[in-house]
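Contents: one structure, followed by commentary.
The values are calculated or read from the model by the stated rules, or taken from the named source; none is laboratory data. Computed from a predicted structure; not experimentally measured. Here the Cβ positions follow ideal geometry from the backbone for every residue, glycine too, while neighbour counts run over all protein chains shown.
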Amino acid sequence: MSARIFTRRPAYLKYRRLFLLSVEGYKTEPQYFAMFNDMTTTISIRILKDINHNSPRHVLDRVKKELKRTGLKKDDQAWLVVDKDQWPEQQLYELYQWSSQSDAYGLAVTNPKFELWLLWHFEDTTDLKKLKKYLPDYDKGIEARKLDRNKILKAVNIASRRDNPPSKDWPRKSGSTVYRLVNELMSPFTGK
């Protein structure tokens, strides 16, 4: 009787689409976007942040530096995530110009600040004081269990409905284009 020969097939790891996010906020935005790493196995999110340097120019410089160091593969994306807040429009325009250079780049701006985007997970209002009603411990961070897929889709729906007609660069009144980034994060790997 001859011995059976078993051959092991090589293991193949499916490539995880990288989203490189350079964010203005040091705490809230990283916590929020890190949730998406746990939602799907088809993407990987790497967040670039700095507690001391959060102006739009610093956000842009961080992503440029990282792209020079590592680059992007075919289906990867690099995004800038900032608030309109008190920043001069010229600084935001620099980010918009950069994001317009490639289909792999994006810009997500919330006017006035990211808390509006969070509020839209619960209610279609611009009264930021209401966020405490839904996230009473908000200052201590975001509880991921309070922001499930349905709430995220609700925020996307509210933001996209309010962004009408769609802004080319960033919302001039209360609004958020974070929904564009979230749509990309939630879409299945398509090999675009």
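The single residue among Asp127, Asp148, Asp61 that is among the acidic types (Asp, Glu), over 16 Å from the mean Cα position of the chain (by Cα) and more than 19 Å from Val23 (Cα to Cα) turns out to be Asp127. From the list Val81, Val156, the lone residue that is assigned to a helix (DSSP H, G or I) and under 15 Å from the mean Cα position of the chain (by Cα) is Val156. Would you call Leu107 within 16 Å of Lys173 (Cβ to Cβ), touching a strand residue (DSSP E or B) at 6+ places or on another chain (Cβ under 8 Å), surrounded by 17 or more Cβ atoms within 10 Å (Cβ to Cβ) and in contact (Cβ under 8 Å) with a residue 24 or more places away in the chain? Against the criterion (within 16 Å of Lys173 (Cβ to Cβ), touching a strand residue (DSSP E or B) at 6+ places or on another chain (Cβ under 8 Å), surrounded by 17 or more Cβ atoms within 10 Å (Cβ to Cβ) and in contact (Cβ under 8 Å) with a residue 24 or more places away in the chain), Leu107 does not qualify.
Would you confirm, using the coordinates I've provided, whether Lys168 is under 28 Å from Leu20 (Cβ atoms) and surrounded by 14 or more Cβ atoms within 10 Å (Cβ to Cβ)? So Lys168 fails the test. Number of residues in segment 136-145 that are loosely packed, with under 10 Cβ neighbours inside 10 Å and either over 19 Å from the mean Cα position of the chain (by Cα) or in contact (Cβ under 8 Å) with a residue 24 or more places away in the chain (or both) equals 2.
So which residues in segment 86-103 are assigned to a loop (DSSP other than H, G, I, E, B) and either at pLDDT 95 or above or more than 16 Å from Glu24 (Cβ to Cβ) (or both), if there are any at all? Matches in segment 86-103: Ser100, Gln101, Ser102, Asp103.
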